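Colleague: Here's a structure for you.
The values are calculated or read from the model by the stated rules, or taken from the named source; none is laboratory data. Please read all numbers here as calculations on a predicted model, not as lab measurements. Note: ideal-geometry Cβ built from the backbone for every residue, glycine included; neighbour counts use all protein chains shown. Surface accessibility is based on the protein's heavy atoms, side chains included, excluding ligands, DNA and RNA. Shrake-Rupley method; radii C 1.70, N 1.55, O 1.52, S 1.80 Å.
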Amino acid sequence: MCGIVGAIAKRNVVPILIEGLKRLEYRGYDSAGVAVLNGTLQRVRSTGRVAELEKMAASQGVSGDLGIAHTRWATHGVPSERNAHPHVSGGISVVHNGIIENHEAMRQKLRALGYEFLSDTDTEVIAHLVHSHVKTGRGLFEAVRQATSELVGAYAIAVLNEKDKTHLVVARHGAPLLLGVGEGELFAASDASALVQVTQKIIYLEDGDCAELTLDGAKIFDDKGNATNRAVHVSQLTPDAVELGSYRHYMQKEIFEQPMAVANTLEMVTSAQTLSANLFGVEAENILSQINQMLILACGTSYHAGVVARYWLEGIAGVPCNVEIASEYRYRDSVPDPRCLVITISQSGETADTLAALQYAKSLGHKHSLSICNVPESALLRASDLRFLTRAGPEIGVASTKAFTTQLAALALLTLAVAKLKGRLTAEREAQLLKELRHLPSALTTVLHVEPQVKMWAEKFTNMQHALFLGRGIHWPIAMEGALKLKEISYIHAEAYAAGELKHGPLALVDKTMPVVAIAPNDALLEKLKSNLQEVRARGGELHVLADQDTRIMPAEGLHVIRMPDHAGMLSPILHTIPLQLLAYHAALERGNDVDKPRNLAKSVTVE
Ligand code: M6R
């Protein structure tokens, strides 16, 4: 979590740093701060959002051609000005993303050296530690290298020294950091979107890298201290990809971008008549034909995508599949199987629990891994043998929307590729399913037209404290996703149940103050689901049902129906996601919440 930006140029870098922070606010928004050199060190910190920081910097006339900036998601210490970055020790100023695990021990050591701590953060340790090494006569680069060798945990840092206006030092270990190369100027940031305004030339630093940035360029050293070159990539990000355009919120924009995001993700198959496993990497055919089971590891919304995929992979490809929450899997004893494919799913590719779960699986003896991820060059993609990059484009709203539906599109492709390799897909069925996939973007566009009806539901949810989401079979994880979306941004407490479980306990909660949302496609479980809905109606529960055209579920007193298009077969879960996203969005709007930046959350969860 947290976003960092750094810049060295022959012009005032404050507007560049502030603009970068605005684009990184999705990573955390508890406080923000900037420090620049202009003769002396000028530092401004705000407990408000970046817009507030911008005003403060302008009113205090802050400017300089070398600087660092930070937007915070609080871990150690409450959101407050004294805990906001940059942290300063002597002339050393530091911004940090990550967690220093040995900060307690380092605090004691530094206190013994006479350092006084002014914040509750783990980051302040870094500032004092670097300062203690500069004091012994080391240059900034050497001081940072020495300090990082004493730190345990994860960090991406940018450091400047008030007494040396010629360079900035950055380092990373377990948290993302990249460099942006301009004309006679250099930048550093947590992700490329922060720099889209100034450059598209990006250098991704590797874990353990430490770099010195001057106006002449970057000197990069690897984890062993050897000078190294890292390739310059040209980012495909354009400024308008991260602009709101005519939308009110990023979440709204991202919901409506889904037809295009899914079309882009499926581009490789839109013109093909058959599917090739090599969509997942050059080794994919070889690896996928060897495996005899799958283990999916992910968190939050990405976990829900994994649960949907389990129904596909077992039902269509006939491969046994387990799905586990990454933060649980990484701490339990389990039995590895060298013929199991470990699949990690993540929008950001930097979720600490998912990355650690993958490392743990490998350490247990799992041999094959595949990552499905939306961020090129992310740590997760680089840690896997096979990879699939969803092409949702940048997702800025904290609530995941287009990342989820594109993950599902990718997992549908994986299912078909595996089913084909396992001899479970006739050519005719393959052609039919590919046709359905090609039709998916236009089906999504049609479903988006239900928005006015969903908005009416949302108005009624506004004053509710709780809601229940029901689904059966493959639509149960979609109910889970609907409940997660609603609680995440509207703060209405919501739970999801497999509808058959209702009578085993949660039915006791149902009364007229508990709206119940049910997903009722015309599939094999429809009649079972209808019985569950009767159980709700009989207790006075208000039902809100997403029903396929031909389900014969008719609106009645206490029974509200939104008609979905014809049953979409295998792809039905993807279509049913849309109204649930819209429901959460409009309920949050009605309640006056900050839709894109819900309280207490951040987009990238890079801590445990
Ligand atoms: O980046 P990831 O997909 O690994 O993130 C996992 C979860 O933190 C994320 O999906 C979260 O649940 C969403 N923000 C919910 O909308």
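Colleague: Fully extended, how many nm does the chain gain between S276 and N292 (0.36 nm per residue separation, minus their Cα-Cα distance)?
Modeller: 3.9 nm
Colleague: Enter the angle in degrees (range 0 to 90, nearest 10) between the Cα long axis of helix 526-538 and the first principal axis of the Cα atoms of the chain, meaning the one along which they spread out most.
Modeller: The two axes meet at around 80 degrees.
Colleague: Roughly how many percent of the accessible protein surface of the chain is carbon and sulfur, given a 1.4 Å probe and a whole-percent answer?
Modeller: Answer for the chain: carbon and sulfur cover 51 percent of the accessible area.
Colleague: If you don't mind, another one. What figure, in Å² to the nearest 10, do you get for the accessible area of R172 with a 1.4 Å probe and non-protein molecules left out?
Modeller: 20 Å²
Colleague: Considering only DSSP beta bridges whose two residues both sit in the range 500-608, what percent are antiparallel, to the nearest 5?
Modeller: Percent antiparallel among DSSP bridges in the range 500-608 is about 10.
Colleague: For T228 and A112, what does the FRET efficiency come to when R0 = 35 Å and r is the distance between their Cβ atoms, rounded to the nearest 0.05?
Modeller: Step by step, r from the Cβ atoms, then E = 0.45.
Colleague: Could I ask something else about it? Lysines within cross-link reach of K253: Cα-Cα under 18 Å, excluding same-chain residues under 8 positions apart?
Modeller: K22, K402, K455, K485, K597, K603
Colleague: Go ahead and run the numbers for FRET between E527 and Q432, Cβ-Cβ distance against an R0 of 25 Å, rounding to 0.05.
Modeller: So, using R0 = 25 Å, E works out to roughly 0.45.
Colleague: For the range 452-559, give the share of DSSP beta bridges that are antiparallel, in percent and rounded to the nearest 5; count only bridges with both residues there.
Modeller: If I count the DSSP bridges inside the range 452-559, around 5 percent turn out antiparallel.
Colleague: Calculate how many DSSP beta bridges within the chain are antiparallel, expressed in % of all such bridges and rounded to the nearest 5.
Modeller: Of those bridges, close to 60 percent are antiparallel.
Colleague: Could you state the angle between the C-alpha long axis of helix 123-135 and the longest principal axis of the C-alpha atoms of the chain, as a value from 0 to 90 degrees rounded to the nearest 10?
Modeller: 20 degrees
Colleague: Within 10 Å, count the other beta carbons around each residue, average over each peptide in 426-436, 94-104, and list them highest first.
Modeller: 94-104, 426-436
Colleague: Please work out how much length the chain gains when fully extended from N12 to H567, using 0.36 nm per residue of separation minus the C-alpha to C-alpha distance, in nm with one decimal.
Modeller: Gain in length upon complete extension: 194.1 nm.
Colleague: Suppose the chain between E150 and H439 were pulled fully straight at 0.36 nm per residue; how much longer would it get relative to their current alpha carbon spacing?
Modeller: Stretched fully, the E150-H439 segment lengthens by 98.5 nm.
Colleague: Another question, then. Would you mind getting the accessible area per residue of the chain, heavy atoms of the protein chains only, 1.4 Å probe, in Å²?
Modeller: Computed with neighbouring chains in place, this is 38 Å² per residue.
Colleague: I would also like to ask the following. Checking the cross-link filter: which lysines have an alpha carbon closer than 29 Å to that of K224, excluding same-chain neighbours under 8 positions apart?
Modeller: Excluding near neighbours in sequence, the set is K109, K135, K163, K165, K201, K362, K367.
Colleague: Next question, about the same structure. Going by average Cβ density within 10 Å per residue, which order do the peptides 241-252, 127-138 take, highest to lowest?
Modeller: Per-residue Cβ counts within 10 Å, averaged per peptide and sorted highest first, yield 127-138, 241-252.
Colleague: Around I8, under 12 Å between beta carbons, what's the net of Lys plus Arg minus Asp minus Glu among the other residues?
Modeller: Its environment carries a net charge of -2.
Colleague: Still on this structure, I have one more. Give the peptides 230-238, 512-520, 191-199 in descending order of average Cβ contacts within 10 Å, highest first.
Modeller: Packing proxy ranking, top to bottom: 191-199, 512-520, 230-238.
Colleague: Continuing with the same structure: What span do the alpha-carbon atoms of the chain cover on each of the three principal axes, reported in whole Å from largest to smallest?
Modeller: The Cα atoms of the chain stretch 78, 54, 44 Å along the principal axes, largest first.
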